[in-house]
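In what follows, a single structure is set out as structure tokens and then discussed.
Nothing in this text is a laboratory measurement; each read-out follows from the coordinates by a stated rule. From a predicted model like this one, the values you see are computed outputs, not experimental measurements. Because the Cβ atoms are built from the backbone with ideal geometry, glycine has one as well, and the counts that use them run over all protein chains shown.
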Amino acid sequence: MKASDLFVKALEAEGVRCVYGLPGEENLDLLESMRTAGMRLIVTRHEQAAGFMAATQGRLTGRAGVCLATLGPGATNLVTAAAYAQLGAMPMVMLTGQKPIKVSKQGHFQIVDVVGIMRPLTKSTRTLVSAEHVPSAVREAFRRAEEERPGATHLELPEDVARESTEAQPLSPGVARRPVADEASIAQAVETLASARRPLLMIGAGANRKLTSEMLRAFVDRVGLPFFSTQMGKGVVDETHPLWMGTAALSDGDFVHRAIEASDCILNVGHDVIEKPPFVMRDGRRTVIHLNFSSAEVDPVYFPQVQVTGDLANAVWRIAEGVGPRSHWDFTPFERSRAGLDAQFVSGAADDRFPIYPARLVAEVRRAMPDDGVVCLDNGMYKLWFARYYRCRRPNTLLLDNALATMGAGLPSAIAAKLVHPRRKVVAVCGDGGFMMNSQELETAVRLKLDLTVIVVRDDGYGMIRWKQEEMGLPDFGMTLGNPDFVRYAEAYGARGHRPTSATEFGATLTRCLESGGVHVIDLPIDYTDTARALGAGPLEERHAG
């Protein structure tokens, strides 16, 4: 069997049915093996977008998404996507080609040390030097990508190795079970929670797993503990639940952080120091219980006094069995914080100004989307508003990146979400800056005949950095950009463009786009002038009006 055929059989053994990417001369053998095996290739317009799509598939399924690029510039275009998956704990396997490594007739043309480049950005990276290594290398790449903490891995397949003959056979993935937490740590966590007066539950990115989500929902209902989440933990537990306190996404003066300040104990499930909540958990004023697949990574603001290490779902269930609700718990301060957040959102959601007020944008998207609809955010100021106000009913229905926080991922992520969930409604929300970084993937969405709506939030500048510049007291400099006519731009790709002229018209337009099918682009101007007051630090009372 040819090594490239074996490689594809090894991918199939891992459950791979689809690969995203751009092929090149150096991986044409692999491409032909994919074709003859009937594997689907989603050809993108940029390798970075292919990586974002593969990472998003991994995020949604728990199984590594796969992307493909050639050597040199094709491989280096995957660098940002590698960091996106690695920091965001999204399982992904990258495949790149390379010139022959045994006999080369082209000197160093297009050759860069891709393995060396990928080493600090992945969990593992290697060059295959023999066809005999294909089965074990592929199995190890997927094992490393998918095990906790998930991330990116990379395999480089040179031309001459891809053409070798071999008698090797692919390996079948085994069944691995995670170790469970020991009884002593569970007992200590139970005792700590039981003795607290104002305990809180914090849900982090690591808790965004199917079984863990089910156990946490049962935990909240059984124990009655108020909860909040990090940005990447949103939706693990239904955020319309009366015990939801909000999202740790903003300044120390925000509503949810007032609740945190009033707590004396935080049960921290799935915390990842890459996604650092903007509050201190090492100040001695409260006891922090760390519950995760691995022990706590200590940094200047995080040093938990109690650690429970092991399978999250099992540990949450055992703690719930042990602690139960306690009559001496006092959640009154938390209830005031939740009331303040609710009042501010109600006010902002009814704001009729145009260009649209950010809270109204969030409200209109929430009204239009079903509970299982998926909203994919690019990176920008609007992300903070969605993190704060968009109430997720289910896990992985608001996809945002609060780890690498890269621009350009919103549209590719939405394409992957639609491919993974073809019957769900999917919306991408992108700033004009981030959208233009990978806007060419509109052609990919049209070619694939997807039903997809893209909201381009337009402020004709780099809004988040402009806000930071203003917060520092600096003059506006270097933040203004020009934009194409987004309606005509969409139509040039075969999509449909829309330009609403009021907040009410935007809501109606979005609903029509979701109902009519096809690819739609909505050009939506936004008013960020209230950001500093609404999202910044300051007296709580000043922010109730929104």
Treating only the Cα positions of the chain as identical point scatterers, give the base-10 log of I(q)/I(0) from the Debye formula at each q in 0.10, 0.11 Å⁻¹. -0.85, -1.00
Could you please state, rounded to a whole Å, how far the C-alpha centre of region 197-216 is from the C-alpha centre of region 396-411? 21 Å
Determine the gain in length on full extension of the stretch S294-K210; use 0.36 nm per residue of separation and subtract their C-alpha separation, reporting nm with one decimal. 28.4 nm
Give me the lysines in straight-line cross-link reach of K234: C-alpha distance below 19 Å, same-chain residues under 8 apart excluded. K210, K276, K383, K425
From the gyration tensor of the Cα coordinates in region 350-543, what semi-axes in whole Å does the equivalent ellipsoid have, largest first, with each one equal to sqrt(5λ)? 26, 19, 16
Sort 4-11, 167-174 for me by packing, meaning the mean count of neighbouring Cβ atoms within 10 Å per residue, highest on top. 4-11, 167-174
In region 414-523, what chymotrypsin sites (Phe, Trp or Tyr not before Pro) fall in a loop by DSSP, with at most 16 other Cβ atoms inside 10 Å? F477
Whole-angstrom gap from region 7-84 to region 289-311, using each part's C-alpha centre: 35 Å
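Just want to confirm a number: the relative contact order over the chain, from Cα pairs under 8 angstrom separated by 6+ residues, in percent.
RCO, the chain: 13 percent.
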Note the angle between two axes, namely the Cα long axis of helix 210-223 and the longest principal axis of the Cα atoms of the chain, as a number of degrees from 0 to 90, rounded to the nearest 10. 10 degrees
On a straight-distance basis, which lysines could pair with K99 in a cross-link, Cα separation under 18 angstrom, same-chain partners fewer than 8 positions away excluded? K2
Between the Cα axis of helix 47-61 and the main Cα principal axis of the chain, the angle (0 to 90°, nearest 10) is 60 degrees
Set the Förster radius R0 to 25 Å, insert the Cβ-Cβ distance between R35 and V446 as r into 1/(1 + (r/R0)^6), and round the FRET efficiency to 0.05. 0.60
Footprinting proxy, M369, M436, M92: sorted fewest to most Cβ within 10 Å, the residues are M436, M369, M92
If you fit an axis through the alpha-carbon atoms of helix 3-13 and take the longest principal axis of the Cα set of the chain, what angle between them do you get, 0 to 90°, nearest 10? 30 degrees
Arrange R217, R388 by Cβ neighbour counts within 10 Å, fewest through most, would you? R217, R388
By count of other Cβ within 10 Å, fewest leading, how are I117, I203, I186, I111 ordered? I111, I117, I186, I203
Backbone HN-Hα couplings from phi across region 194-207 [Karplus 6.51/-1.76/1.60, Hz, Gly and Pro as x]: 5, 8, 6, 9, 10, x, 10, 9, 10, 10, x, 4, x, 7
